[in-house]
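First up is the structure itself, then whatever we jot down about it.
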């Protein structure tokens, strides 16, 4: 009988699907769940099919005064299918205490230990009171997040560590009518030249509330901070789709021009293409000058003839046009797509060449 039973077990194993599902290997289930970790209630969101071969990013968000972890987890639910483990802890009281924040540090360490998470792709976010308590996470020498997001709040009086200059991206988001909007803007002044990248964005006609209209940009920005890239997907500028329309838009201006980004699907494996989106166009001065121009984004596969008329034979490329639509400068190849050369080309046609700071 034992031999028969053993044979049945062996047969069942042989007929069973090979491998174990990602859910069964992990201490927490895929999807959204409520857990207790380091003494805090935590809302977790874990992507499907998470594995060591496909490690996730980690997004940790602190709620506002009297807020809920459930609300914060829901606000970031669209991050989960994109490969983010979303962690929304709940403070023990109405606001965050130092001990609560220390517990969050331990939660981050725990999750990075027991889940297949790429530790270099940790993001920390804080809404309102959570934002005021974000610096201990944002500037922690162990966590070393790749990005920190202040929402309806701002960074105050913090001194970033040296590693932040090369490794940390910072963004502050707020409603334009939020009383904390000034603090969000001051975050840029405080952290400029102290972190890798810093900017502030504001949702019009919004008070002290969650800036939902800014979330698509935040998702893209966080991805860029950790090195995600897809050809043609760029939110550094407000891109149009027609050179002709762009030329018409500047035809009545005394000075101006058009900036064209030429891309191709094959650019996904080109470091130069990734550099243009994730570094060059994200440079605040490049954004400032390029923002004075009409910007157009064209797929080389669909607009080959139009782009070749300006000398474009390879992608990625940037084309600067005069206000009448004629070529001012073609920037292609690693030697030409340098910050100095791009800045010079932009400044040659912009209405206002004076630096903003």
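Tabulated results
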{"item": "Qualifying residue in the range 75-93 (condition: free of Cβ contacts under 8 Å to residues at least 60 places away in the same chain and at positive phi)", "result": "yes"}
{"item": "Residues (surrounded by 13 or more Cβ atoms within 10 Å (Cβ to Cβ) and either part of a helix (DSSP H, G or I) or in contact with a strand residue (DSSP E or B) (Cβ under 7 Å, 6 or more places away or on another chain) (or both)) located in the range 235-257", "result": "237, 239, 240, 242, 243, 246, 247, 249, 250, 257"}
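Every number here is computed from the coordinates shown, using simple stated rules; none is lab data. As the structure is a prediction and not an experimental result, all values here were calculated from the model. Positions of Cβ are generated from backbone atoms using ideal geometry, with glycine treated the same way; all protein chains shown enter the neighbour counts.
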